[in-house]
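The values are calculated or read from the model by the stated rules, or taken from the named source; none is laboratory data. Bear in mind the structure is a predicted one, so any value in this text is a computation, not a measurement. Please note: Cβ atoms are built from the backbone with ideal geometry, for glycine as well, and neighbour counts cover all protein chains shown.
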């Protein structure tokens, strides 16, 4: 806990990262809601509209690692501010093409790919910020707050976009999303700094608390230890890409996050369609039950972060970070199997939503671990990890309906459950106490 007299300013930018997380999700899913109107106006088939959806995921996945490097090099304040402007431009461009234009599908593919590339920096930037601003003992709840924005954005997007479409047209839904993002980006630039040492509203007691809990010990025998550098000095050091790409912990957490992404995107991409087409729920009931996974994600992202920190303080990070991740993914697998086999459509909806919530109990573990072991290179390490999740999501987009068509939806959920178990097992290979060794001073 913070010392006596310590300010708590660090939680304001964390909350604003929650807001930006929600807006980024609004910008990426608005086309799912407005997609039918867009396809009708530009005479796009469902297959071509699918290409447009996939373009975003590819851009988002491919630029995770470069985005993380940019954040480590130039800092989360400037990079995320520039990223939000980028989102605004390409979100607005989605609705700016005249109707009678040849090659509209190519335009939309390019625009959504570039939107995905720009949005790729949001979570590497937030993780770099957390690594510098949040003591290790509070990183679980900080990441829980930030990633609760995913569920909030997913829950609010259908209501917001549908309302704007009904009253002002589908194009306005993109322009309003872009405007919200730009306004939020301005606030972020005003309130954020790359390090707490640079912010006038962080008092000495809060700064001391952050610094004491910020940098875990350097492994014995490392070059940083031998050179006499203290933990604060190592925050200015970067980790080589070779160290990141050959780290057993980074590779294991990336493999686990691939499995996480595969399961999560079933809820983002297919849950509504599953409820209406397979379970036979009407539009109103489908909309009601499809709101349950985002609500579960918000609740479990927050509670998972708190549990993560509490167990880490009591029993160490092996239990708090890895144990929560392991159990959460096994629990999610059980919900997926049971929910897909429930006879009642309403019971199936509730149980499967429980699976989405169980999955998000693990969310903060992924990002807290990469901040813990990568320190000043948390952006690069977490960007690489998040690339795995997005490739998992991209695979879901095509593989889930293919399995359902060939073998039925129970088999689709069973495959997701198997991957969830595999993702849980991968947590056994992660060592959250072994920090990667910095090798060179970026600022020198």
Worksheet item: Hey, any hits in region 245-252 for a residue that's more than 29 Å from residue 266 (Cβ to Cβ), in a helix (DSSP H, G or I) and modelled with pLDDT of 85 or more?
Response: yes
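Residues are listed down the side, and each one gets a yes or a no for (1) modelled with pLDDT of 90 or more; (2) surrounded by 24 or more Cβ atoms within 10 Å (Cβ to Cβ); (3) at negative phi:
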| site | (1), (2), (3) |
| --- | --- |
| 285 | no, no, yes |
| 300 | yes, yes, yes |
| 326 | yes, no, yes |
| 341 | yes, no, yes |
| 347 | yes, no, yes |
| 373 | yes, yes, yes |
| 379 | no, yes, yes |
Discussion item. With in contact (Cβ under 8 Å) with a residue 24 or more places away in the chain, closer than 26 Å to residue 370 by Cα and not assigned by TED's automatic domain parsing to the domain that holds residue 18 as the only criterion, which of 314, 296, 291 stands out?
Written reply: 296
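A quick yes/no check of all residues on (1) at pLDDT below 85; (2) surrounded by fewer than 18 Cβ atoms within 10 Å (Cβ to Cβ):
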residue: 3; (1), (2): yes, yes
residue: 6; (1), (2): yes, no
residue: 26; (1), (2): no, no
residue: 44; (1), (2): yes, no
residue: 47; (1), (2): yes, yes
residue: 54; (1), (2): yes, yes
residue: 59; (1), (2): no, no
residue: 63; (1), (2): no, no
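Report whether or not residue 420 is closer than 24 Å to residue 124 by Cα, assigned to a helix (DSSP H, G or I) and modelled with pLDDT under 90.
For residue 420, the condition - closer than 24 Å to residue 124 by Cα, assigned to a helix (DSSP H, G or I) and modelled with pLDDT under 90 - is not met.
Criterion first (touching a residue at least 24 places away in the same chain (Cβ under 8 Å) and over 18 Å from residue 145 (Cα atoms)) does residue 286 satisfy it? Please lay out each step first, then the result.
Values: touching a residue at least 24 places away in the same chain (Cβ under 8 Å): no; over 18 Å from residue 145 (Cα atoms): yes.
So residue 286 does not fit the description; no.
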Worksheet item: In the set 206, 225, which member is under 22 Å from residue 372 (Cα atoms), at pLDDT below 95, surrounded by 15 or more Cβ atoms within 10 Å (Cβ to Cβ) and more than 29 Å from the chain's Cα centre (by Cα)?
Response: 225
